[in-house]
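Asks: Before I ask anything, let me first share the structure, which is written out below as structure tokens.
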């Protein structure tokens, strides 16, 4: 109950201060008490008139300073939203009876729906929520959570200013993954080279022992023969549903958050997480345009994302938040690359066929 109250207050204060405080400052700074033109029509003494004119001139002269302050406040809006999202998700998952990490991220994302005063800050809040899903075994106390929020805020600003992966689904998760990885490395709780050496050493050992691809996959990823097909189907369904809601006018963050709540509530387990991962693919900027992206492309991206996560994501960076989003981004980028290469090859083959069928006299 304390966590719920604290999160509600945090989100409310963030929404009020960022959504309305700046507008009030602008209104107050741009409207003097009495305009200069109206002083001529008011019958008052010359002394009073001069005092009023001095006050009006002082207010107009202080406007550059006010504008500078407002510009600084504008710069702090996104980092504050990331900060609020990270701490809110972390507080939610502190009590496992209240919310699991994925439920915490989906809940924070749903709080920024179009009906909320936080709707202008959906992306930074959602990115912070992904970072806040980092394992409580890594983020053990509030000081570490605040450090994670600061790192994520800086990383998000870097992504925005450098325009990294613009319009690609899963970029928020990638931002959160990088931030959580940096924190985990600073904590000394993660040894990426050691994890990679152990992972690929296991693969090479299985390849040397057995040339059968199915046996290798079964030994490296136990249970893959029972989970791989359902995983592909569930992730694809999440991508299709998220894309469908986007094309019905819902924003990228609310559509993904709704899928996350559905997946973690009714499907649960690892399959519920993969359903949530599929929804990140529908967050791509072009997903709501059926002329550019069809459902087959989204399914391909979901299959590739699931492959990345099952084959690599669940075995390295243990406890790091945002890995599902990072896998979704890799799937989106891979599918786009494959389709682009296929289109270039098809165009090239079509051009060759044109020249082959051209009459000899036309050369």
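Asks: Taking the residues in region 90-102 that are closer than 12 Å to residue 139 by Cα and buried (at least 23 other Cβ atoms within 10 Å of the Cβ) as candidates, determine which candidate is modelled with the lowest pLDDT.
Replies: Step by step, filter region 90-102, then rank; the result is 93.
Asks: For residue 273, are the conditions met, namely being part of a helix (DSSP H, G or I), under 16 Å from the mean Cα position of the chain (by Cα) and over 12 Å from residue 331 (Cβ atoms)?
Replies: Considered against the rule, which asks whether it is part of a helix (DSSP H, G or I), under 16 Å from the mean Cα position of the chain (by Cα) and over 12 Å from residue 331 (Cβ atoms), residue 273 comes out as yes.
Asks: Here is a follow-up. Give me the pairs: first residue in region 280-300 and on the phi < 0 side of the Ramachandran plot, second residue loosely packed, with under 14 Cβ neighbours inside 10 Å and at pLDDT below 90, beta-carbon distance under 7 Å, and six or more apart or on different chains, which are they?
Replies: Partner pairs satisfying both residue conditions: 286/292.
Asks: List every residue pair whose Cβ atoms lie under 9 Å apart, where the two residues are 6 or more positions apart in sequence or sit on different chains, the first residue falls within region 345-363 and is surrounded by fewer than 10 Cβ atoms within 10 Å (Cβ to Cβ), and the second residue, located anywhere, is in a helix (DSSP H, G or I) and at pLDDT 70 or above.
Replies: 363/355
Asks: Hey, another quick one. Mind counting the residues in region 245-270 that are part of a helix (DSSP H, G or I), without any contact (Cβ under 8 Å) to a residue 40 or more places away in the chain and surrounded by fewer than 17 Cβ atoms within 10 Å (Cβ to Cβ)?
Replies: Of the residues in region 245-270, 2 are part of a helix (DSSP H, G or I), without any contact (Cβ under 8 Å) to a residue 40 or more places away in the chain and surrounded by fewer than 17 Cβ atoms within 10 Å (Cβ to Cβ).
Asks: Okay, moving on. If residue 321 satisfies all but one of (1) part of a loop (DSSP other than H, G, I, E, B); (2) exposed (fewer than 15 other Cβ atoms within 10 Å of the Cβ); (3) touching a residue at least 12 places away in the same chain (Cβ under 8 Å), what's the number of the condition it fails?
Replies: Status for residue 321: all satisfied but (2).
Asks: Mind listing just one residue for me: the one in region 288-318 that is in a loop (DSSP other than H, G, I, E, B) and out of contact with any helix residue (DSSP H, G or I) (no Cβ under 7 Å at 6 or more places or on another chain) and, of those, farthest from residue 254 (Cα to Cα)?
Replies: The selected residue is 318.
Asks: Among the candidates 152, 66, single out the residue that is surrounded by 15 or more Cβ atoms within 10 Å (Cβ to Cβ), at pLDDT 95 or above and either over 12 Å from the mean Cα position of the chain (by Cα) or within 30 Å of residue 288 (Cα to Cα) (or both).
Replies: Residue meeting the stated conditions: 152.
Asks: Looking at residue 166 and the list (1) buried (at least 24 other Cβ atoms within 10 Å of the Cβ); (2) within 24 Å of residue 235 (Cβ to Cβ), which single condition is not satisfied?
Replies: (1)
Asks: Identify, from the list 129, 145, the residue that is in contact with a helix residue (DSSP H, G or I) (Cβ under 8 Å, 6 or more places away or on another chain), closer than 26 Å to residue 275 by Cβ and not in a loop (DSSP other than H, G, I, E, B).
Replies: 129
Asks: Exactly one condition in (1) assigned to a loop (DSSP other than H, G, I, E, B); (2) surrounded by fewer than 14 Cβ atoms within 10 Å (Cβ to Cβ) is false for residue 161; which is it?
Replies: Of (1) assigned to a loop (DSSP other than H, G, I, E, B); (2) surrounded by fewer than 14 Cβ atoms within 10 Å (Cβ to Cβ), only one is false for residue 161: (1).
Asks: Could you figure out which of (1) over 15 Å from residue 260 (Cβ atoms); (2) surrounded by fewer than 24 Cβ atoms within 10 Å (Cβ to Cβ); (3) more than 14 Å from the chain's Cα centre (by Cα) isn't true of residue 139?
Replies: (2)
The values are calculated or read from the model by the stated rules, or taken from the named source; none is laboratory data. Please read these numbers as outputs of a predicted model, since none were measured by experiment. In this analysis, Cβ positions are derived from the backbone assuming ideal geometry, glycine residues included, and neighbour counts consider all displayed protein chains.
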